[in-house]
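Encoded as structure tokens, the structure appears first; notes follow it.
The values are calculated or read from the model by the stated rules, or taken from the named source; none is laboratory data. What you are looking at is a predicted structure, and each value in this text was computed from that prediction instead of being measured. Virtual Cβ from ideal backbone geometry, glycine too; neighbours counted across all protein chains shown. These accessible areas exclude ligands, DNA and RNA; they are computed on the full protein's heavy atoms, side chains included. Shrake-Rupley method; radii C 1.70, N 1.55, O 1.52, S 1.80 Å.
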Amino acid sequence: MTIEFILPDIGEGIVECELLEWLVSEGEHIEEDQPVAEVMTDKATVQIPAMHAGVVEKLHYAVGEIAKVHEPLFSMKPDASDAEASISEAAETDTAEPDASQTNSSNSTTSDVSSNSSTIEDFILPDIGEGIVECEIVKWNVQEGDSIEEDQAVVEVMTDKAVVEIPAKNAGIVHKLYYAQGEIAEVHSPLFALSVEGAEGQEQAPADAKATDSNSAASAKSTSSNANTQSSSKAVERENNSKWKDGEFEPPISIPGKVLASPAVRRIARENDIDLLNVSGSGKKGRILKSDVLGSTSASASASERGQSVSGKDTTSTEAPANKTSTSAVQSTVTGTTRVEKVRGIQSAMAKQMAASVYTIPHFTVSDEVVMDNLIALRKNLKPEFEKKEVKLSFMPFFVKAMSLALTEFPVINSQLNDEGTELTYFDDHNIGFAVDSKIGLLVPNIKGVQHLSLLDIAVQMQDIIDQARAGRVSGEHLKGGTISISNIGAIGGITATPVINKPEAAIVALGKTQKLPRFDADDNVIAQHIMAVNWSGDHRIIDGATMVRFNNLWMSYLTSPEKMLMHLK
């Protein structure tokens, strides 16, 4: 029975995508969750995995065409569940031309499995969520040969959102780590191999070349020479397009000339402006290794130095005054140095988010001053009570709670406009975000449902989130779903700012540092007051200036006279 694979919802309102590359071909047998195609949306490049195991019958799009979400992407004949259908499936598969390298590797793996009580299993990097397709290896918590337990944290990886710990799904012995620290791992690709004790050999036998490669690296090496001589051009192409070879990830899209190199090697080449087509690979099947690229860099540097040396030798043959002038001129041209760093992770995400906000949201700013004297006195009185509960009480919980009370009266400030500008969504929950300068960059976690929380509840949650953020381990739940944000620039000394709205939110406020300044009282006497500047940015498509000022006046009234918040306690 033939079924259609429907292109699933990729998220974030994506309705179509461009087909970059097919990772399978018609007539090929695929496994469940095996990447089938690589597509590009206006957000990122995503690999689409198969929902079932079976044989690909027809690919409905050519490379470069636009595929629609919820429409057929390819058709396939799924593997039958009963024995009779399995025999029929096997008979059809036997008529196809086998890949020599697959056959040899499969046979060796079956032999290995049947003769041992343990099985080598690849741990596939799971979907981390929010459209994340790759991550950087920050730190391995285990080494090859270590015995690990189920749910033990194996590795720390950094996405463009936060640092995440990846736990083991099974207990066993670490057989191989496929990535080094600093390399880029892709979602749905093998992360490490684990030797699992007591697994059934029959169940672990591979069904295709992908599983065979990941389960029998050792046996593949012993048969590589035989496989090389027997592989046809079709087999070589399929091998070049496979996900995994020699323990390194091969990106789906290769550069012209079928250059074989890992993402880390390609990154080094890009950073050093080296064309990989001009680098000879010393790895298996001509794979370009890191040492090859670094060697090429050293050779280029040496050639450059030799050129400078020759030039210097020519100038020394002239008169002494001319030589001094020439040397001085050369020195003046090489005094400046530069350092180039790849923009990625949190920094890359923030750059894209801020650019999208500025280019698509018409910002306007409202500024004012808050008299902080009464709030300072109240915090001083409450601080010892919070300390008894081991909770630090800063001014932020007051700002957050007062904002929630003001949002109740001005719900438009807690709304969001869609990208087309056709629908305005009002949120009942006040999910108030606050900027945190973490070790991995600026994060804006938020506290959910502030309208239902007490001052103590807010302080407890805020303290916990800040501790997580500064360690770079904020839960994804805290980083999404915000409805309005606060940036406390005053914590590090700023007074005024024009904050950029955290899209798709409608407003953000920047709080300046509190200063003791002279002001006039009602009788025109000069008095000292503690003043804090507040600076709002609003989405002018849905918020007008008058509404923002009235909202700010109400919010500041709760801060200037914090006892007014008591009337709203439940």
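Below, the figures for the structure above:
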read-out: Ordering of 482-489, 437-444 by packing [mean C-beta count within 10 Å, highest first]; value: 482-489, 437-444
read-out: Simple label model, 7 Å out from Cα along Cβ direction - Asp419 to Leu378, nm; value: 4.2 nm
read-out: Exposure rank, largest accessible area first [Tyr558, Tyr426, Tyr359; 1.4 Å]; value: Tyr359, Tyr426, Tyr558
read-out: Amide H within-cut-off set for Leu23, under 5 Å, with H built and near neighbours excluded; value: Ala37, Glu38
read-out: Cα gyration tensor shape for region 406-560, rounded if a/c is under 1.5, else prolate or oblate; value: oblate
read-out: Amide hydrogen neighbours beyond the local backbone of Asn170, cut-off 5 Å, H modeled; value: Asp151
read-out: Simple Cβ-charge dipole of region 447-570, Lys/Arg +1 and Asp/Glu -1, about Cα centre, in debye nearest 20; value: 320 debye
read-out: Full-stretch length increase - Leu442, Ile492 - with 0.36 nm per residue and alpha-carbon distance subtracted; value: 16.6 nm
read-out: Cα-centre dipole for region 408-452 with unit charges at Cβ (Lys and Arg positive, Asp and Glu negative), debye to 20; value: 320 debye
read-out: Accessible area of region 461-559 belonging to carbon and sulfur atoms, whole % at 1.4 Å probe; value: 51 percent
read-out: Protection-proxy order for peptides 348-357, 400-409, 175-184, each taking the mean of Cβ atoms within 10 Å per residue, highest first; value: 400-409, 175-184, 348-357
read-out: Cα-projected label distance for Ala180 with Lys516, points at 7 Å along beta-carbon direction, nm; value: 5.7 nm
read-out: Probe 1.4 Å - accessible area at Arg519, Å² to nearest ten; value: 70 Å²
read-out: Distance violations [Cα-Cα > 27 Å] among Lys77/Lys176; Lys169/Lys503; Lys139/Lys342; value: Lys77/Lys176; Lys169/Lys503
read-out: FRET E, pair His540, Thr560, Förster distance 30 Å, beta-carbon r, rounded to 0.05; value: 0.65
read-out: Whole-number accessible area per residue in Å² for region 389-444, which is evaluated in the context of all protein chains at 1.4 Å; value: 48 Å²
read-out: Burial order of peptide ranges 496-509, 142-155, 536-549 (average beta-carbon count within 10 Å, highest first); value: 496-509, 536-549, 142-155
read-out: FRET E, pair Ser454, Ser280, Förster distance 51 Å, beta-carbon r, rounded to 0.05; value: 0.15
read-out: Accessible surface of region 374-459 [probe 1.4 Å, protein heavy atoms]: carbon and sulfur percent; value: 51 percent
read-out: Solvent exposure ordering (accessible area, 1.4 Å, most first) of Lys388, Lys77; value: Lys388, Lys77
